[in-house]
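What follows is one structure encoded as structure tokens, with my remarks underneath.
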Amino acid sequence: MLNLTQNLKLIQKLSPQQIQLIKLLEIPTMELEQRIKREIEENPVLEEGSADDESDINEPNTEPKDDFASDRDRDRDNDTDNENDADGDTDPEPDIADEYIEDSYDEKVDEYSPDDYYDDDEIPNYRLNANNYSDDDNKNEVPYTQAASLHETLLSQLGLGVLNEDEQLLAEYIIGNIDDDGYLRRDLESIVDDVAFTAGVETTEKELQRLLVIIQDFDPAGVGARDIKECLMIQIVKKYKNGQGNKIVLKTAYKILKDHFQEFTKKHYQKIASKLDVDDATLKQAVDEISHLNPKPGSIYSTMLSKNSQHITPDFILEDKEGQLILSLNSKNIPELHVNKTYSDMVETMSKKKGENKDKDTLAFVKQKMDSAKWFIEAIRQRQNTLMATMNAIIEFQKEYFEEGDETKLKPMILKDIAEKTGFDISTISRVANSKYIQTHFGIFPLKFFFSEAMKTQDGDEVSTREIKKILKECIDGESKSRPLTDEKLAKILQKRGYQIARRTVAKYREQMNILVARLRKKL
């Protein structure tokens, strides 16, 4: 028997306007410009330009509202000697270039990751950008000339060789499997099967190996390697063949990579010196030679191709005018919006014609588009108000820092602190801080940079963890490179300065700053 029951539930749902505001609040200025353009294309009622009504979105004049304060699903993020011996070399040992080619056929390639050797800690492009424009300048983007990709460069060099049709096809297939870092990550056995299946060309690993050695002689040096060890060895061999450097030093560097790579990655230099029977000076020159090689030879091409996409457009501009901090939104490329008056008059006229069914569908369509346009304009207005209110609260909280630009002046600040000052929900503050940047008179920074946890000193004062990280970096920068400071020693230094911090916390902060452990920071 079917039983019918009634249940009463209270469900909280977001309105379309609130959802639209949430989405607009999360996106940065560059995406907002594209979003507005798309909305104008899709809605004929929405137009650019000023109007007499209250449609101007560049000068917010209403109190900010938190229309989605109830949305608490966001995580509360509280927030790292070069002499050439070419003429006098009587070393009976074989040429390392020939030795490498022989080894490349006989020796199985070890599996090493570039991360074992290379710490990719580059300064972001936005830290290097300078703002030298006046307020009246038209800040149009200048397009970059499209550079050749790594694969295009390799294929152009392949065309200079003398290969038959099948060899050309196989070599092109190998190049197609080289990744953006310049590495051939697939084994030759798999490529043999792939070529037979897709191109119908029968080949062998030995034949592919011969073609790979040809490709490994291309520029950039190190391309076509199957691991970091092989990549560095190729570069040493190329320098040796071109007479770039001291031959004895290059031979020593080659032996280190070929026979003692594990000890090299762990910086066990005394073991290497003992096994190779070389003096400290030669060992140091060989290690320096290796350290200046490029572990990601293809990265220069990916950097060139992504140069334009890495450009940062700040969402806020903070200026110091005679000691007074003036904040503004970077809305120069954001147009004013208003509802097209022609459509407004159309609705008014059609509404007066009662009883004419033929105009009902048209009237409903125009009204729907007008409502959509008004909602969008209001969402933009509220977005700007919310951004300004949040950033003003951050500046007020971190006023000493914004006045001087001294990182040690940053106070501990979490999302909750700004939520309490603005009256917004934490999820709202999180959305504002996400992917947004501010341009100040001392640099461009992401909003998340200003948020940090607190730590108490011996005197009971609260300091930002960012201040502790700065002290750690200063200690590491000033340490003896032959005897670097361990995490335990760093903890004791901080404790003497009044910061109650454990060794494991020092290790956590060091890792967040992408600083290696003491053993790997050691230099000869």
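Before moving on, here are some points about what is shown:
- Along region 500-507 the Karplus relation, 6.51 cos²θ - 1.76 cosθ + 1.60 evaluated at θ = phi - 60°, assigns HN-Hα couplings of 7, 9, 8, 4, 5, 6, 4, 4 Hz to successive residues, with x for each Gly and Pro.
- Here the extension length gained between Glu26 and Leu4 equals 3.5 nm, from 0.36 nm per residue of separation less the Cα-Cα distance.
- Placed amide H near Gly298: partners under 5 Å, 5+ positions off or other chain: Gly182
- For region 413-524, the Cβ-based charge dipole about the Cα centre amounts to some 740 debye (Lys, Arg positive; Asp, Glu negative; other atoms uncharged).
- Mean projection area, nm², convex hull over Cα of region 397-524: 9.3
- Order by protection proxy (mean Cβ within 10 Å, highest first), peptides 417-428, 278-289, 510-521: 417-428, 278-289, 510-521
- Each peptide among 391-397, 483-489 gets the average number of other Cβ atoms lying within 10 Å of its residues, and from highest to lowest they stand as 391-397, 483-489.
- Overall size of region 161-268 from C-alpha positions, given as principal axis extents largest first: 48, 30, 24 Å.
- The amide H of Arg226, built 1.01 Å from its N in the peptide plane, has Leu184, Cys231 as neighbours under 5 Å, considering only residues 5 or more places off or on other chains.
- Peptides 330-343, 242-255 ordered by packing proxy, namely the average of other Cβ atoms within 10 Å per residue, highest first: 242-255, 330-343.
Read-outs throughout are calculated quantities, based only on the coordinates presented, and are distinct from any laboratory measurement. All values derive from a computational prediction rather than experimental measurement. FYI the Cβ positions are ideal-geometry reconstructions off the backbone, even for glycines, and counts take in every protein chain you see.
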